[in-house]
Amino acid sequence: MLAMNKFRILGTTAIAIAASVIITSCKDKRSTGWEYAPNMYEHIAYEPDQANANFKDGKTAQVPPAGTIPVGFKRFDYPNNKDGYEKASLEVKNLLANNQKNFAEGKALFVTFCSPCHGMTGQGDGLVVQHGYPPPPSYSKGQSSRGGAMKDLTDGKIYHTITYGVNAMGSYASQVAPDERWKIVMYVHHLQNL
């Protein structure tokens, strides 16, 4: 008798569970069920181009406060003109150690970014020149378009030129990090003596 009561209770419980599952599953066909961590898929952050009532101008994308510097950014406070070029020549010096590792990295960077125009030895005979473009001056024999011999270019002048570009050479500031520019400067000094 006791065993029959247990089966009756278990059977009734199973029927109740099955009935509740059937009833709740038929309610809404579009429902995905319970939501676990809805903030993971219901986007609550503002997109940069969305209106945003949290700011006075109503824009989400805000201009950074004056005087702030992005993480990892190094300032180069010399304007992109002849005066900035000359001032950089006098004030800017390469602070990286002149060792074999930096020299080798400078050579690799030069081959990647500079040799297409300047050539492997800095003589202005790169692949771009072979396709009909005007050659840049030779580092060891040429004259700078800003005045003076290319072999006399200082750290600051070379760094300024890599940062801003000159004549047909565009700026490499977005492709070459400041430390990498200094390594290229180191290698260009080697090419000036060839």
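The values are calculated or read from the model by the stated rules, or taken from the named source; none is laboratory data. The shown structure was predicted, so the numbers you read here are calculated from the model rather than taken from an experiment. Cβ atoms come from the backbone with ideal geometry, glycine included; neighbour counts cover every protein chain shown.
Considered as a group, the residues in the range 124-150 that are touching a residue at least 24 places away in the same chain (Cβ under 8 Å) and touching a helix residue (DSSP H, G or I) at 6+ places or on another chain (Cβ under 9 Å) include one that is farthest from Ala168 (Cα to Cα), and that residue is Ser140.
Among the residues of the range 74-83, are any in a loop (DSSP other than H, G, I, E, B), at pLDDT 90 or above, under 19 Å from Gln192 (Cβ atoms) and not small (Gly, Ala, Ser)? Within the range 74-83, none of the residues are in a loop (DSSP other than H, G, I, E, B), at pLDDT 90 or above, under 19 Å from Gln192 (Cβ atoms) and not small (Gly, Ala, Ser).
Picking from residues in the range 166-184 that are polar (S, T, N, Q) and under 24 Å from the mean Cα position of the chain (by Cα), the one that is surrounded by the fewest Cβ atoms within 10 Å (Cβ to Cβ) is Ser174.
In the range 86-95, the residue that is farthest from the chain's Cα centre (by Cα) out of those that are part of a loop (DSSP other than H, G, I, E, B) and surrounded by fewer than 16 Cβ atoms within 10 Å (Cβ to Cβ) is Lys93.
Would you check if there is a residue in the range 100-112 being touching a Gly at 6+ places or on another chain (Cβ under 9 Å), without any contact (Cβ under 8 Å) to a residue 24 or more places away in the chain and over 22 Å from Asp152 (Cβ atoms)? Within the range 100-112, none of the residues are touching a Gly at 6+ places or on another chain (Cβ under 9 Å), without any contact (Cβ under 8 Å) to a residue 24 or more places away in the chain and over 22 Å from Asp152 (Cβ atoms). Among the residues of the range 98-150, those identified as part of a helix (DSSP H, G or I), polar (S, T, N, Q) and surrounded by fewer than 13 Cβ atoms within 10 Å (Cβ to Cβ) are Gln100, Gln130.
Within the range 146-165, being more than 19 Å from Asn94 (Cβ to Cβ) and under 31 Å from the mean Cα position of the chain (by Cα) holds for Arg146, Gly165. Scanning the range 151-165 for residues that are without any contact (Cβ under 8 Å) to a residue 40 or more places away in the chain, surrounded by 15 or more Cβ atoms within 10 Å (Cβ to Cβ) and closer than 13 Å to Gly84 by Cα yields one hit, Ile158. Within the range 35-46, residues that are loosely packed, with under 10 Cβ neighbours inside 10 Å have Cβ atoms under 9 Å from residues that are among the acidic types (Asp, Glu) and part of a loop (DSSP other than H, G, I, E, B) in these pairs: Tyr41/Glu35; Glu42/Glu35, counting only partners at least 6 apart in sequence or on another chain. For the range 69-85, a residue qualifies if it is over 25 Å from the mean Cα position of the chain (by Cα) and either farther than 17 Å from Asp155 by Cβ or surrounded by fewer than 17 Cβ atoms within 10 Å (Cβ to Cβ) (or both), and the qualifying residues are Asn81, Lys82, Asp83.
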